[in-house]
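Okay, so here's the structure we're looking at.
The values are calculated or read from the model by the stated rules, or taken from the named source; none is laboratory data. All figures in this text were calculated on a predicted structure; none of them were measured in a lab. Using ideal geometry, Cβ is built from the backbone for each residue, glycine included, and neighbour counts are taken over all protein chains shown.
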Amino acid sequence: MFKIAWRFLRTDWRSGELRLLFMSLLLAVTIVTGLTAFVERLQLMLAGESSQFLAADRVLKSPQPVNPLWLDKASGLNLQQAALINFQSMFYASVDVDAEPVLVSIKAAGENYPLIGELKTRPQPYGEITAVKSGPAVGEVWAESRLLQQMNIDIGAQVYIGDAQLKLTKVLVSEPDRGAGFISMGPRVLMHLQDVAASNVISEGSRVSYSWLFAGDKKAIDLYWQWLKPQLTDREKWLDLENSQPTVAVALQRAKTFFVLASSMIIVLAVIAIAMSSTRYSQRHIKHIAVLKTLGATSTDIKRLYTYLLLLLFIAVVCIGWLLGFLLQQLVLMQAAAVLDVALPPLSLWPFLLGAATALISLMTFTLPVIDKLRSIPAVRIFQQASSQELKLSLTSAVIGLAGVLLLLSLYTGQILLSVLMLLSLTFLLAVVVFPARLLLTFIPAKGLKARNWWSMAVANMQRRLWVNALQISLFSISLMLLLVLIGLRDNLFSQWQEQLPAETPNFFLVNLQQPDVASVEQWLQNHAAKQETIYPMIRGRLVRINDKLVRERVSKEDFKRSGADRELNLSWADSLPPDNTLTAGSWHDADASSASNPTWVSVESKLAKKLEIKLGDSLTFMIAAQTLTAKVSSLREVEWDRMRPNFYMLLPKQSLQMFPKTYMTSFYLPASKHKDIVNLLKIIPTAIVIEIDSMIKQIRHVIHHVSLALQLVLFFVFIGVILVMFATVQISLDSRKKENTVIRALGGTKKLIIGSLITEFMLLGLLAGILATFAAELVLLALQKWLMDLPLQLHPELWYLAPLLGLSIVGSAGFLAARKVTAVVPMQLLREN
Amino acid sequence: MIQLRDVNHHICSVDGDLEILKAITLQIDAGETVAITGSSGSGKTTLLGMLAGLDIPTSGEIVVEGSNLTTMNEDQRALFRAKSVGFVFQSFHLLDALTALENVLLPLELAGNNQGEAEAKAFLEQVGLSHRLKHYPSQLSGGEQQRVAIARAFAAKPQYLFADEPTGNLDQATGSHIIDLLFDLNRQHKTTLVLVTHEPRLASLCRRQIVIENGQIISDKKSELSDV
Ligand SMILES: Nc1ncnc2c1ncn2[C@@H]1O[C@H](COP(=O)(O)OP(=O)(O)OP(=O)(O)O)[C@@H](O)[C@H]1O
Ligand SMILES: [Mg+2]
């Protein structure tokens, strides 16, 4: 049996019958393995890159040294660690008592810092930037170039921090975890942790922040957090990407969903391709089986024969497919790693498993049932069946096959909802296309070939092959829909990211302004062509009561801490609804719109309101400068906090707040060329605090740019897959078309007529599929936006022409190639066929 | 009138160059009935295909009514077939997806006749299948399929009708029936009939018998027994 199986494979290969099945299996294994591995490792790379925001995977922050047991535990779990101390100190360039010191913000870093990412330095103020993996050695300091200018010192100078004498060895350009820097607190200086003690600058009560950086295996980190969480007090903060960089975290999360979606789509496309070619293959074996039966083969023999045959095929395909898939993703990732400047992450076995499983499951669900059915019926009947060559793809096995593979995928990604959504939309498409077409078939019988001209022949052909055509249309439209969904989603994500950080996003915050400063700030910003945001007053207040209940009673301690309501809240007023705010309930009153008939109102940020269970109409009591103020909730606002503009949890009428002590704050965009002038602003208003967020914005942009690039690459993969599947789908009816059209040519039909009608027919099919795909894609996109991506609901009119156009051109050109194949036969051939 | 002048046909195969037709010169006049016989592999089917313009020879000329098939392109020959040729295949080659009537309509449509339904029905009636118009080939017996194929071959009223072993796949009785049909229709429509056969009875019904062997005509004689 094994020998026969081998011989069958060989002859099938030579006759070309096996090639289509082999190619689609190979394609499936290659592209599923390649894409899932690509996506998996790409995500690790992006996660690695974004970890640089913390210079670690997690950071524990505290105003005082933490329990050493905590750090021992981390070592026990094999986590990498580094310690940091941030503080401010005077920096002297000479021991001379009269020498003018400068206030600098110092980061003292222990061994291993940074755990993730690199420090950028220059050997001289204008030298080449080099990236290094560790901070200054003991006895050395690195400082920003503006400090060198300000103090007029050079590399190699002896400098003093407290009692410590240190040597300036490098110019510091940036640290990965710079985040927001307080410019007014002086230039950044990096020193070694061990020199802190000698400097004697840290004493009881000085403002110092201690950080412990951790990096390592995700499981170990999770374990550690489980252990650490109950022991933390109010003073310690645990930072991850989520709470330190929500913009990047959300972008990565959405990109991940996009990737999962793309991987599932590739799998769906692969299953479709295998389904078609394996059904076709098994149909072609109907005759073989009949002959074997007449020669006396039992049904067990036949079963064994085909098991061997498929197994041989499967093994060959998987070996080659794995290799190709691996090479494919390796090549692309090596490029990506060079761009992202990170090491290639490890490769797991999952992608290989998924690739093989896709092939195995679909091969089994689409070939075995056909063969199994044939095994049990008499040879004579098989011969009769063989004459009706129409290809019938069983819907049930299609659904079983897809469900099997999608289940596997959802296990892999943990996104079951997504898989269900995919399956539903596919079933929907099949139902929408195939069943009406079948109904039509029974009501409008086809009327001949209409071989007068290519147009009427194409239309007649479409009607006549309604069943196969319906199948083809639904496969085309599924492929196009998948592509459209990904494109639409990509556009959504891109525009979302674009909106989040548009050009001229404010890159400085200015806080702690007094009333008289406001005018001079505005003047200064105007003189420097800065793009200025509204200046808001800021009143410190504490929420004490919601209706008649004290806030402390109302919410559990845990909730309370997280919501931040126990801290002082910043209250403000606004002339109109601020730009990043959208009302979710109630109505907005402008700041002066309070009157006797309209008592004091308050507009509350909606997330805080939800946490504290504040509803419209509740009355809130604030304690402000030892006075109480009660206000009625008139509206809830959703605030986009990541737009780098001042925003407030509570907005109240101006007249209720203006008697309280207040400071003012704003943010502005200043072009890079003018950053050095900030020092002048601080000279005009010495009490103001400037917070620089420019480098953070750049870093965020950088990561998001890379995520977008990754999205494009994945989309490209899928696009290739779509084209291949569409070409394979055209093959479905090729056999019967080939014979039919040769007969037509023998009877006097010209090549022109046949090619013309075939192209027309396929273009019509593609067009119809494109139109259907557009509808389906919009529905799926709406569902994704609503339930999965948490994106604003929107239609994609810019895509409406795309699918019909793609359908028309891809299917049309596939049809053209098919037509050329169909007409390549010399009609003479008919005389030699039985 | 069909004229073959020094027609040679070669085929390159794995076992070297194969000469299938060698220096065939032949003239078939309008209205003739010709039987081509010869042993298996002698080149009969190839010759018939050439006569019908289904393929062109490696060298030599085939001229039909003054127009040279060998210099025409594929589509010009297709138009020639549509206008002037009917063909009955040994294995029928009906289109599975079309009904009997639609199959017979096909050559009419290809010849540009859009109102051929009545004619097609008449032909099917003549071959005794007026009650099976809407049936598909898979619902017909072999003999019935061959009758549809004959109706199809005559439908566009071609000047020349070719048949390659039209009874080869049929039993004796059905075969006789088909032969009678073929000659009846031929007489009615004054078609030139060229057929390939192994059956002496069928061959003897033709006025002219050509025997080929090894790609060469070894005998070409007109039978005294004219019209049956
Ligand atoms: N495409 C081809 N490739 C290889 N050899 C061919 C091809 N076409 C025909 N031949 C060979 O040419 C020779 C003549 O073939 P043809 O079909 O004309 O014979 P025939 O007289 O019709 O035989 P039969 O009575 O068995 O039908 C045969 O030996 C055949 O093998
Ligand atoms: Mg023959």
- B:ASP75 fails exactly one of (1) away from ligand 1 (no atom under 16 Å from the Cβ); (2) within 14 Å of chain A (Cβ to nearest Cβ); (3) within 30 Å of B:LEU133 (Cβ to Cβ), namely (3)
- Query: Of the residues in the stretch B:26-72, how many are β-branched (Val, Ile, Thr) and within 16 Å of ligand 1 (Cβ to nearest atom)?
  - Reply: 8
- Query: Got at least one residue in the stretch A:822-831 being touching a Gly at 6+ places or on another chain (Cβ under 7 Å), within 14 Å of chain B (Cβ to nearest Cβ) and either aromatic (Phe, Trp, Tyr) or within 16 Å of ligand 2 (Cβ to nearest atom) (or both)?
  - Reply: yes
- When restricted to A:LEU784, A:LEU772, A:LEU791, A:LEU768, the only residue surrounded by 15 or more Cβ atoms within 10 Å (Cβ to Cβ), away from ligand 2 (no atom under 16 Å from the Cβ), in a loop (DSSP other than H, G, I, E, B) and at pLDDT below 90 is A:LEU791
- Item | Positions within the stretch B:156-176 being closer than 10 Å to B:VAL196 by Cα and among the aliphatic types (A, V, I, L, M), in sequence order | B:ALA163
- From B:SER138, B:SER130, residue being within 14 Å of another protein chain (Cβ to nearest Cβ) and surrounded by fewer than 23 Cβ atoms within 10 Å (Cβ to Cβ): B:SER138
- Given (1) among the charged types (D, E, K, R); (2) surrounded by fewer than 23 Cβ atoms within 10 Å (Cβ to Cβ); (3) more than 16 Å from ligand 2 (Cβ to nearest atom), number of the condition B:ASP55 does not satisfy: (3)
- Item | Cβ-Cβ under 8 Å pairs, at least 6 apart or on other chains, the stretch A:723-751 side within 10 Å of chain B (Cβ to nearest Cβ), far side assigned to a helix (DSSP H, G or I) and aromatic (Phe, Trp, Tyr) | A:GLY748/B:PHE80
- Note on the structure: Those helices (runs of 4 or more DSSP H) completely within the stretch A:1-107 that have 3 or more residues that are without any contact (Cβ under 8 Å) to a residue 24 or more places away in the chain and under 41 Å from the mean Cα position of the chain (by Cα) are A:68-76
- Taking the stretch B:1-41 only, how many residues are within 13 Å of ligand 2 (Cβ to nearest atom) and surrounded by fewer than 21 Cβ atoms within 10 Å (Cβ to Cβ)? 4
- Task: Please work out if A:VAL639 is buried (at least 18 other Cβ atoms within 10 Å of the Cβ), under 30 Å from A:VAL248 (Cβ atoms) and either in contact with a His (Cβ under 8 Å, 6 or more places away or on another chain) or modelled with pLDDT under 90 (or both).
- Result: yes
- Task: Give, as residue ranges, the helices (runs of 4 or more DSSP H) completely inside the stretch B:66-162 that count at least 3 residues that are under 24 Å from A:ILE754 (Cα atoms).
- Result: B:74-84, B:100-110, B:142-155
- Message: So for the stretch B:192-199 (the condition being over 13 Å from the mean Cα position of the chain (by Cα) and either on the phi < 0 side of the Ramachandran plot or aromatic (Phe, Trp, Tyr) (or both)), does at least one residue qualify?
- Response: yes
- Task: Tell me which of these B:THR45 doesn't satisfy, since it passes every other one: (1) closer than 26 Å to B:GLN188 by Cβ; (2) within 13 Å of ligand 2 (Cβ to nearest atom).
- Result: (1)
- Message: Looking at the stretch A:804-824 only, could you name the residues that are assigned to a loop (DSSP other than H, G, I, E, B) and surrounded by fewer than 16 Cβ atoms within 10 Å (Cβ to Cβ)?
- Response: A:ALA824
- Item | Where B:GLN90 falls short, out of the listed (1) closer than 30 Å to B:ILE217 by Cβ; (2) polar (S, T, N, Q); (3) away from ligand 2 (no atom under 16 Å from the Cβ) | (3)
- Message: Among the residues in the stretch A:765-773, are any over 24 Å from A:ALA458 (Cβ atoms) and either over 39 Å from the mean Cα position of the chain (by Cα) or among the β-branched types (Val, Ile, Thr) (or both)?
- Response: no
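Can you tell me which of B:LEU185, B:LEU181, B:LEU195, B:LEU202 is buried (at least 17 other Cβ atoms within 10 Å of the Cβ), more than 14 Å from every other protein chain (Cβ to nearest Cβ) and within 16 Å of ligand 2 (Cβ to nearest atom)? Even if it seems obvious, please write down each step before you answer.
Working: B:LEU185 fails: within 16 Å of ligand 2 (Cβ to nearest atom); B:LEU181 fails: within 16 Å of ligand 2 (Cβ to nearest atom); B:LEU195 fails: more than 14 Å from every other protein chain (Cβ to nearest Cβ).
The match here is B:LEU202.
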- For the stretch B:7-25, does any single residue satisfy the condition of being more than 16 Å from ligand 1 (Cβ to nearest atom) and out of contact with any Gly (no Cβ under 6 Å at 6 or more places or on another chain)? yes
- Sort out which residues of the stretch B:176-219 are touching a Lys or Arg at 6+ places or on another chain (Cβ under 9 Å) and more than 16 Å from ligand 1 (Cβ to nearest atom), and write them in order of number. B:SER176, B:HIS177, B:ILE178, B:ILE179, B:LEU181, B:HIS189, B:THR191, B:ARG207, B:ARG208
- Message: Given the criterion hydroxyl-bearing (Ser, Thr, Tyr) and part of a helix (DSSP H, G or I), identify the matching residue among B:THR167, B:THR174.
- Response: B:THR174
- Neighbours by Cβ (under 8 Å, 6+ apart or cross-chain): first from the stretch B:37-48, touching a residue at least 24 places away in the same chain (Cβ under 8 Å) and among the charged types (D, E, K, R); second near ligand 1 (Cβ under 7 Å from one of its atoms) and part of a loop (DSSP other than H, G, I, E, B): B:LYS44/B:GLY38
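Of the residues in the stretch B:33-62, how many are out of contact with any Cys (no Cβ under 8 Å at 6 or more places or on another chain) and away from chain A (no Cβ under 14 Å)?
Residues flagged as out of contact with any Cys (no Cβ under 8 Å at 6 or more places or on another chain) and away from chain A (no Cβ under 14 Å) within the stretch B:33-62 amount to 7.
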